[in-house]
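One structure is given here, and the rest of the page talks about it.
The values are calculated or read from the model by the stated rules, or taken from the named source; none is laboratory data. Being a predicted model, the structure only gives us computed values, none of them experimental. All Cβ positions, even for glycine, are placed from backbone atoms using ideal geometry, and neighbour counts span all protein chains on display. We work out accessible area using only protein heavy atoms, side chains counted, and drop any ligands, DNA or RNA first. Shrake-Rupley method; radii C 1.70, N 1.55, O 1.52, S 1.80 Å.
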Amino acid sequence: MKFKSRAKRSLAACFLFVTFMAPGKIWSNETTGSKTILNNEIAVEHLEVIKPLRGSQYAHGYFTIWNGTDTNIYLTQITNGTGRNFNIQKYEKESQEPKWQNIGMPKLIPPKSEFVVASGLFRLVVDALALSNSENDKLDMRFQFANQDSIGASALVLPFGTDPTDHHHGLNDDG
């Protein structure tokens, strides 16, 4: 009789595990320092948001996504805990008047490469109202990929005028 009871508990535990992990692939996030890792292959690193000047509508965020897989991945959206969607912009120099333009999603990140959202090249546009709801100096965000995987990470919210971390994969970081 003990065997049947133990088997039922194991089966129930497996059912709960699968239920809470669906839909999409089973994933887990591991956070180490300034890096959040998905399945030891995809990482969001140095996620930082610089507070705007008082009264400004938008703050700017910076981060790196490392694709350590052997296939392309596609970033489809970035949201916060309330479901607010954030845009990534690219600095366009080719036009007569250089300006910031929203990039199209999904954003391709090739295998064994990184997508660097760095000052002067790309920026994450964050509604300043999202910062007023953030807990202390952190803003929770979710990075969603086309294959249904996602990474939850906390952005470090830094004071206005702070330079974001200058990151290059495999090198020491400056910041």
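Label points 7 Å out from Cα along the Cβ direction at Ala118 and Asn102: separation in nm?
According to this spin-label approximation, the distance is 2.6 nm.
Viscosity 1.002 mPa s, temperature 20 °C: give me the Stokes-Einstein translational D for the range 54-136 in µm²/s, with Rh taken as the Kirkwood radius over C-alpha pairs.
My calculation gives 151 µm²/s for D.
Grab the Cα-Cα distance for Asn40 and Gln148, subtract it from 0.36 nm times how many residues apart they are, and report the gain in nm with one decimal.
Contour length minus Cα-Cα distance gives 37.2 nm.
What is the gain in length, in nm to one decimal, between Gln57 and Asp70 on full extension, counting 0.36 nm per residue of separation less the C-alpha to C-alpha distance?
Result: 0.8 nm gained on full extension.
Show me 40-52, 99-111, 71-83, 138-150 ranked by packing, highest mean number of other Cβ atoms within 10 Å first.
On the way: 40-52: 20.3, 99-111: 13.2, 71-83: 15.8, 138-150: 17.8.
Result, highest mean first: 40-52, 138-150, 71-83, 99-111.
What pairs from Lys35/Lys99; Lys35/Lys93; Lys51/Lys99; Lys99/Lys138; Lys51/Lys90; Lys90/Lys112 go past 24 Å between their alpha carbons?
Lys35/Lys99; Lys35/Lys93; Lys99/Lys138
Placing +1 on the Cβ of each Lys and Arg and -1 on the Cβ of each Asp and Glu in the range 42-158, which of Trp100, Pro110, Gly68 has its Cα farthest towards the positive end of the resulting dipole?
Trp100
Calculate the spin-label point distance for Leu129 paired with Phe160, positioning each point 7 Å from the Cα along the beta-carbon direction, and give it in nanometres.
With each label point 7 Å from Cα toward Cβ, the separation is 2.0 nm.
Tell me which residues come under 5 Å, amide H to amide H, from Lys51 once H is placed; ignore anything under 5 positions away on its chain.
Leu158, Phe160
Compute log10 of I(q)/I(0) for the range 42-98 with the Debye formula, placing one identical point scatterer on every Cα and leaving out solvent, at q = 0.14, 0.22, 0.23, 0.24 Å⁻¹, to two decimals.
Ignoring solvent entirely, the Cα scatterers give -0.59, -1.12, -1.15, -1.18.
Can you give the accessible area per residue of the range 42-158, in Å², using a 1.4 Å probe?
I get 52 Å² per residue for the range 42-158.
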